[in-house]
Amino acid sequence: MEQFWGELLKNRVLWVTLLTWVITQGLKITLATIREKRFNFYWVLSTGGMPSSHSAGVVSLAVCIGKQNGFCSSLFALGCIFALVTMFDAQTWRRSVGVQARILNRIMDDLQEHKKITDNKLKELMGHTPTEVFVGALIGIVVPLLFYR
């Protein structure tokens, strides 16, 4: 068991990927706090917003794998495909769900004006814009280049 924890602590790919996620999430919280002029603890674990932590994390993972195993390796190819699928999902399907939630919430507001409805509103910010995904991907490239040794 001691060997397991020792190896886990030495896993640079894991730690740099997590560092990338923490940096990106911290940047997202900072930007939201500046924009809203207040802090909301909900932002710590929320999805959506600028920049995309999902994109930053998966791109960082791919870059770290490339640095460790070579950019010609099958593992790097796997990391790239995983990153592309994740980023595509973040800006298409998850974003579409957020748009649908916004429309349904407007319908609920209209209906509530005429009769009592007790259903809760849906979460509207679920996915990312292409810009949020792109900026997250850039962070996912830069952080491993700075911290992966």
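The values are calculated or read from the model by the stated rules, or taken from the named source; none is laboratory data. Not measured: the values here are computed from a predicted model. When we count neighbours, we look across all protein chains shown, and the Cβ atoms used for this are built from the backbone with ideal geometry, even at glycine.
Rundown of residues vs (1) in contact (Cβ under 8 Å) with a residue 60 or more places away in the chain; (2) out of contact with any Lys or Arg (no Cβ under 8 Å at 6 or more places or on another chain); (3) not hydroxyl-bearing (Ser, Thr, Tyr), yes/no style:
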residue: 36; (1), (2), (3): no, yes, yes
residue: 41; (1), (2), (3): no, yes, yes
residue: 46; (1), (2), (3): yes, yes, no
residue: 52; (1), (2), (3): yes, yes, no
residue: 57; (1), (2), (3): yes, yes, yes
residue: 78; (1), (2), (3): no, yes, yes
residue: 81; (1), (2), (3): no, yes, yes
residue: 84; (1), (2), (3): no, yes, yes
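Might you let me know whether the stretch 1-8 holds any residue that is over 16 Å from residue 145 (Cα atoms), among the polar types (S, T, N, Q), at pLDDT below 90 and out of contact with any Gly (no Cβ under 8 Å at 6 or more places or on another chain)?
Scanning the stretch 1-8, I find at least one residue that is over 16 Å from residue 145 (Cα atoms), among the polar types (S, T, N, Q), at pLDDT below 90 and out of contact with any Gly (no Cβ under 8 Å at 6 or more places or on another chain), so the answer is yes.
Given the residues 98, 66, 48, which is the only one that is modelled with pLDDT under 80, of a type in the set (Gly, Ala, Ser), at negative phi and surrounded by 14 or more Cβ atoms within 10 Å (Cβ to Cβ)?
98
For the stretch 24-55, name all the residues that are part of a loop (DSSP other than H, G, I, E, B) and among the hydrophobic types (A, V, I, L, M, F, W, C).
Passing the criteria: 39, 45, 50.
Using the structure shown, decide if residue 19 is assigned to a helix (DSSP H, G or I), farther than 22 Å from residue 134 by Cβ, modelled with pLDDT of 80 or more and among the aliphatic types (A, V, I, L, M).
Values: assigned to a helix (DSSP H, G or I): yes; farther than 22 Å from residue 134 by Cβ: no; modelled with pLDDT of 80 or more: yes; among the aliphatic types (A, V, I, L, M): yes.
Taking the combined requirement at face value, the residue does not satisfy it.
Would you please name the residue that is farthest from residue 21 (Cα to Cα), looking only at residues in the stretch 101-149 that are at pLDDT 70 or above and basic (Lys, Arg)?
Taking the candidates together, the pick is 106.
Of these, 33, 20, which one is of a type in the set (S, T, N, Q) and within 16 Å of the chain's Cα centre (by Cα)?
Going through 33, 20 in turn, just one is of a type in the set (S, T, N, Q) and within 16 Å of the chain's Cα centre (by Cα): 20.
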